[in-house]
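**Student:** Before I ask anything, let me first share the structure, which is written out below as structure tokens.
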Amino acid sequence: MADHNLKHIDGADRGRILLYALSTCMWCRKTKQLLGDLGVAYDMIDVDLLEKQEREEVTEDIKKWNPECTFPTVVINNEKCIIGYNPDELQAELQVTR
Amino acid sequence: MSASIEEVSGEDIQKYYDRLKDDVERHGYHLNPDEDMTRDLIRGLIVNQRRNSYPSCPCRLASGDIEEDLDIICPCDYRDTDLGEYGMCYCALYVSGDVLSGEKAVSPIPERRPSPEERAKARAETGGAPVHAGLSKPVWRCRVCGYLCGRDEPPEKCPICGAQKERFERFM
């Protein structure tokens, strides 16, 4: 995926956290808020704002982790995927990688 | 494709909210009582309406092709089943009486929408549904609210929920 699509949010380093989101989605916004409240650094991309070809490339990336390609999808350290707004799992996972 | 959430004013959201709430309640449904969530979702609906000319689910990625997205135009084809099973629809704009009264909390639910491949297959299969022997007319079903009618063509608009003709499927 082209990195210029990624928005970086500064914070504490808890590993590589990548959030695939939709700008219009309430559950995605809650996930962004949670990551902000936890104060962790992460990269995010609002897939609905991409042009067609980029969007297709990114959705193919997401499907490797989440075949249904639903939002939000969070990929941690390129090894763990959390699907949907799941504060408990997200917090637990970020503790582990601390 | 340029519409963004920042361009939607509080006034736009309020107007949509008032109209929707009134309409929804008259039909026996309930909006999520958490107004922050509901306004956030309505903003997403307005953005999708401006982008694609139809208000698809804010929590699902629209293709931009209305034929592909008919099932996720709000209210989506999955709302009633999700309200029955989980007490809320996928994005949580609509909730059941349990959630409205506070007996049940709002939380995310699994996606019920079939994959694009499964949807294409289902379309191909139902497209040629035979009229049952003994029926003088085909029966059409509104995918949004379940309304059934026996007539040559589905109505232009569902008389119960107002869904467009394209949201009907041949039932019998």
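**Student:** I'm trying to understand the selection: among the residues of the stretch A:59-82, which are part of a helix (DSSP H, G or I) and open to solvent by less than 60 Å² (accessible area, probe 1.4 Å)?
**Tutor:** A:Thr59, A:Asp61, A:Ile62 - these are the residues of the stretch A:59-82 that are part of a helix (DSSP H, G or I) and open to solvent by less than 60 Å² (accessible area, probe 1.4 Å).
**Student:** Checking the structure you have, find out if any residue of the stretch B:85-100 is open to solvent by 40 Å² or more (accessible area, probe 1.4 Å), among the polar types (S, T, N, Q) and within 25 Å of B:Glu35 (Cβ to Cβ).
**Tutor:** No, the stretch B:85-100 has no match at all.
**Student:** Could you please let me know if B:Glu117 is within 13 Å of chain A (Cβ to nearest Cβ) and open to solvent by 60 Å² or more (accessible area, probe 1.4 Å)?
**Tutor:** For B:Glu117, the condition - within 13 Å of chain A (Cβ to nearest Cβ) and open to solvent by 60 Å² or more (accessible area, probe 1.4 Å) - is met.
**Student:** For the stretch B:77-92, enumerate the residues that are touching a residue at least 60 places away in the same chain (Cβ under 8 Å), assigned to a loop (DSSP other than H, G, I, E, B) and under 20 Å from A:Cys28 (Cβ atoms).
**Tutor:** Listed by number, the list holds a single entry, B:Ala92.
**Student:** To continue, here is another question. Among the residues that make up the stretch B:28-35, is at least one of them open to solvent by 50 Å² or more (accessible area, probe 1.4 Å), free of Cβ contacts under 8 Å to residues at least 12 places away in the same chain and closer than 27 Å to B:Lys165 by Cβ?
**Tutor:** Checked the stretch B:28-35: at least one residue is open to solvent by 50 Å² or more (accessible area, probe 1.4 Å), free of Cβ contacts under 8 Å to residues at least 12 places away in the same chain and closer than 27 Å to B:Lys165 by Cβ.
Rundown of residues vs (1) modelled with pLDDT under 90; (2) not assigned by TED's automatic domain parsing to the domain that holds B:Arg60, yes/no style:
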| site | (1), (2) |
| --- | --- |
| B:Ala92 | no, no |
| B:Glu117 | yes, yes |
| B:Leu135 | yes, yes |
| B:Arg141 | no, yes |
| B:Glu153 | no, yes |
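**Student:** Kindly establish whether A:Leu35 is in contact (Cβ under 8 Å) with a residue 24 or more places away in the chain and not in a helix (DSSP H, G or I).
**Tutor:** So A:Leu35 does not fit the description; no.
**Student:** Within the stretch A:51-58, can one find any residue that is open to solvent by less than 20 Å² (accessible area, probe 1.4 Å), under 22 Å from B:Ile5 (Cα atoms) and more than 14 Å from chain B (Cβ to nearest Cβ)?
**Tutor:** No, the stretch A:51-58 has no match at all.
**Student:** Just give me the residues in the stretch A:43-53 being at pLDDT below 95 and assigned to a helix (DSSP H, G or I), in sequence order.
**Tutor:** Hits for the stretch A:43-53 are A:Lys52, A:Gln53.
**Student:** Also, I was wondering about something else. So, of the residues in the stretch B:1-21 that are more than 14 Å from every other protein chain (Cβ to nearest Cβ) and open to solvent by 90 Å² or more (accessible area, probe 1.4 Å), which turns out to be farthest from B:Cys161 (Cα to Cα)?
**Tutor:** B:Glu11
The values are calculated or read from the model by the stated rules, or taken from the named source; none is laboratory data. Please read these numbers as outputs of a predicted model, since none were measured by experiment. Quick reminder, even Gly has a Cβ in these numbers, built from the backbone with ideal geometry, and neighbours come from all protein chains shown. Just so you know, the surface numbers come from the protein's heavy atoms only, side chains and all, with ligands and any DNA or RNA stripped out. Shrake-Rupley method; radii C 1.70, N 1.55, O 1.52, S 1.80 Å.
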